[in-house]
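Step one of this worksheet: look at the structure below.
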Amino acid sequence: MWESISTQKSKSFIEHHFGQKEKEKPATFIKPAVTISRQEGAGGLTVASNLAEYLEKNAASREPWTVFSQHLVAKVLEEYKHDKRIGDFMKEDRKGFSLAGAFEEFVGLHPSTWTLVQQTNATILRLAQIGNVILVGRGANVITSELENVFHVHLVGSLEKRIEQAQKVFSLDRKAATNYIKKKDEARRRYLKDNFDKDINDPLLYHVVINTDLVRYDEAARLFGGEVIKRFKLDIPVKATGTKSHLS
């Protein structure tokens, strides 16, 4: 894990927003959200954390932003009342089919992979509609592609640099780091292809693609944050906009 993301912050966000009754009055403006797709070792979680911090400090509202990555699975399990062990079937690097898994689905030991993916998609969509969230991975950019309040970014880097990063973070030798990076990249590519029939490396799926070989993680966060603030008018105090949407 490239950066420590606050578990408590994610839980607080979930408890506050998902615990609200549907009849509650909706917000008077639409809050933006950000999706981050990344190659392994290109700094996805670090950039996400830095971006949340940047937006909290520089948007006029000073409202908190919450990063969802590994905590997203926990939310899906909670929302749909699944056993925590089901999380093993929801990993991005889990292959779509196995004989043992198919048998267990057949006899009802756990929901089908298709069901879990659909539930994950629904949770991602709901989080994006709430806003002030940064959604890392799991095809969030495709799931939210029709929402006008979401900004999509993709982080890439050379294989060499990403291998070096894995060696540094996980104390791996070069061979193990290379295998790790390639396995993660392939899993994410397969997840988007199998579930959405999309190519994760298609630049047309994103507003911005950044090479973190050339742009530091903190610089990438500032670039993204500045564009999000400008695009969604987050530099304007909420009171000054009244009931006007930030998307107008």
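The values are calculated or read from the model by the stated rules, or taken from the named source; none is laboratory data. Just so you know, these numbers come straight off a predicted model, no measurement behind them. Virtual Cβ from ideal backbone geometry, glycine too; neighbours counted across all protein chains shown. We work out accessible area using only protein heavy atoms, side chains counted, and drop any ligands, DNA or RNA first. Shrake-Rupley method; radii C 1.70, N 1.55, O 1.52, S 1.80 Å.
Details
- Checking the Cα-Cα distances for Lys57/Lys182; Lys198/Lys230; Lys31/Lys161; Lys57/Lys175 against a 31 Å cut-off, the pairs over it are Lys57/Lys182; Lys31/Lys161; Lys57/Lys175.
- In the context of the full set of protein chains, segment 116-228 has a per residue accessible area of 48 Å² (1.4 Å probe).
- Sorting 223-231, 55-63, 127-135, 196-204 by their mean Cβ neighbour count within 10 Å, with the most densely packed peptide first, gives 127-135, 223-231, 55-63, 196-204.
- Sequentially through segment 197-214, phi angles give Karplus couplings (6.51, -1.76, 1.60; θ = phi - 60°) of 6, 10, 9, 4, 8, 6, x, 6, 7, 10, 6, 9, 10, 10, 8, 7, 5, 9 Hz, Gly and Pro residues having no value and appearing as x.
- Each label point was placed 7 Å from the Cα along the Cα-to-Cβ direction; for Ser145 and Asn201 their separation is 1.8 nm.
- Amide H contacts under 5 Å for Lys198, placed H, 5+ residues apart: Lys193
- Extension gain for Arg190 to Glu164 (0.36 nm times residue separation, less C-alpha to C-alpha distance): 7.0 nm.
- Difference of contour (0.36 nm per residue) and Cα-Cα distance, Asp173 to Glu63: 35.4 nm
- In sequence order, segment 122-136 has phi-based couplings of 5, 5, 4, 4, 5, 4, 5, 6, 5, x, 6, 10, 10, 9, 9 Hz under the Karplus curve 6.51 cos²θ - 1.76 cosθ + 1.60, θ = phi - 60°, and Gly or Pro positions carry x.
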